[in-house]
Amino acid sequence: MQNFQKVGLLFISLFIVSGCETGTKYDSDTPTITESSQDEMVDTTSNDEDIFDLEPLQKMNASTSNIKQFEGGSSTDGLDVKSIRIGKHDNFTRLVFDVKKKNNAQESVKKVGYYTFSYVPKTNKITAVINGYDGFSAQIPTFSSTSIVEKMYFEDYPDEDAYKFHIQLREDATVKVFDMENPAKLVVDITPLY
């Protein structure tokens, strides 16, 4: 009788083990999801493969589908960000980056160099890489405690003709980035989400 019970338990165990599937099964059309160290989900099949610095974004557990990207300008060199102006409007804040020639601050530049800006709403951070710049002589502005912009700071970047910087916001916002020509300017509009 005991042998019959052991055989029965063994048979039931084998049936359960062979009938169960461990892990998660995804259809081929379903994006692959990986679990981060903080139990948040990161979409690793986003079509945003061309986004610069994807690895740090994954470390921040930011889904690339939530990132707002802006890029433009043209390939050039010898540029310098000479000044940063802050404009406070009724419902948005505007940052204007005035672009000049590195060796001649009086010489107007028609176009800005190539740029890529990304805004990650989860961290309220704008990250920018500007290419074709031999200098960034503008003073980094200080922001009041009532400004939507908390601070702006640089990060080391391996390309000697480029600069990488961050604009940390205090709250959620809608961000728009564009460039202007003759004279060249980079413009960042930041509208708080109330």
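Where a number appears in this text, it was derived from the coordinates with a stated rule and is not lab data. Quantities reported herein were computed from a predicted structural model and do not represent experimental measurements. A quick note on method: Cβ atoms are made from the backbone with ideal geometry, for glycine too, and the neighbour counts reach across all protein chains shown.
Would you list THR191, THR127 from fewest to most Cβ contacts within 10 Å?
The order, fewest Cβ neighbours first, is THR191, THR127.
Could you tell me what percent of the DSSP beta bridges with both partners in the range 68-192 are antiparallel, to the nearest 5?
That works out to approximately 95 percent antiparallel.
How big is the dipole moment of the range 68-192 about its Cα centre under a simple scheme where the beta carbon of each Lys and Arg is +1, that of each Asp and Glu is -1, and everything else is neutral? Debye, nearest 20, please.
Here the size comes out at about 380 debye.
For the range 68-192, what number results from the quotient of the Cα radius of gyration and 2.2 N^0.38 Å?
Ratio of Rg to 2.2 N^0.38 Å for the range 68-192: 1.00.
Residue by residue through the range 166-177, what is 3J(HN,Hα) from phi via Karplus (6.51 cos²θ - 1.76 cosθ + 1.60, θ = phi - 60°)? Round to whole Hz and write x for glycine and proline.
The phi angles translate into 10, 10, 8, 9, 8, 8, 4, 7, 9, 10, 9, 10 Hz.
Can you compute the FRET efficiency between GLN106 and ASP161 using 1/(1 + (r/R0)^6), with r the Cβ-Cβ distance and R0 = 25 Å? Round to the nearest 0.05.
0.70
Among the listed pairs LYS68/LYS100; LYS68/LYS102; LYS82/LYS111, which have their C-alpha atoms separated by more than 21 angstrom in this model?
Pairs exceeding 21 Å: LYS68/LYS100; LYS68/LYS102.
Just want the ordering: MET152, MET180, from fewest to most Cβ atoms lying within 10 Å of their own Cβ.
If I rank by nearby Cβ atoms, fewest first, I get MET180, MET152.
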